[in-house]
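Read through the structure below, which is laid out as structure tokens, and then see the notes.
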Amino acid sequence: MSADLHHAAHDHAGHGHDDHDAHLHEESHGSYKSYAIGFGLSVILTAIPFWLVMTRTLTNQATALIIMAFAAVQMVVHMIFFLHMNRRAEGGWSMMALIFTIVIVGIALSGSLWVMYHMNANMMPTQDMSQMG
């Protein structure tokens with residue numbers, strides 16, 4: 001079978017492999033519109049916590065909680081709009097890797113906070129060096 005006949009026999013409904021590969025390649029990468037939406041959301045999700053810190057409108061604890069919430073939302077925005085992560089990407093393996101990473105980071109953070117809390121609660125207080133002597 002010649003190369004032309006072989007290529008024509010494998011075309012799908014008049015579309016060549018190159019068209020199909022280009023379409024898949026385009027789907028896996030974002031469009032200008034998706035990047036612009038992601039950038040706009042990132043700017044908003046950065047500007048609001050910055051404004052809260054600079055104006056000191058809330059208590060320190062409330063501001064810290066709001067900043068952490070906005071940071072979590074911004075991570076999701078970055079994963080969706082810039083890293084193109086979804087359930088379909090790479091047959092679901094990228095989502096499994098994300099879930100594994102979240103579990104490991106959660107264990108590391110909670111374990112570190114638990115150890116630091118108990119070390120702070122159970123260690124003897126240090127003496128002020130100026131009172132010695």
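Readers should treat all values here as calculations from the given coordinates under stated rules, not as data from a laboratory. As the structure is a prediction and not an experimental result, all values here were calculated from the model. Glycine also receives a Cβ, built like all others from the backbone with ideal geometry; neighbour counts cover every protein chain displayed.
Before moving on, here are some points about what is shown:
- Looking only at the range 85-115, residues that are surrounded by 10 or more Cβ atoms within 10 Å (Cβ to Cβ) and not in a helix (DSSP H, G or I) come to 3 in all.
- Residue check, Gln74 within 20 Å of Leu109 (Cα to Cα), part of a helix (DSSP H, G or I), free of Cβ contacts under 8 Å to residues at least 12 places away in the same chain and of a type outside the set (A, V, I, L, M): no
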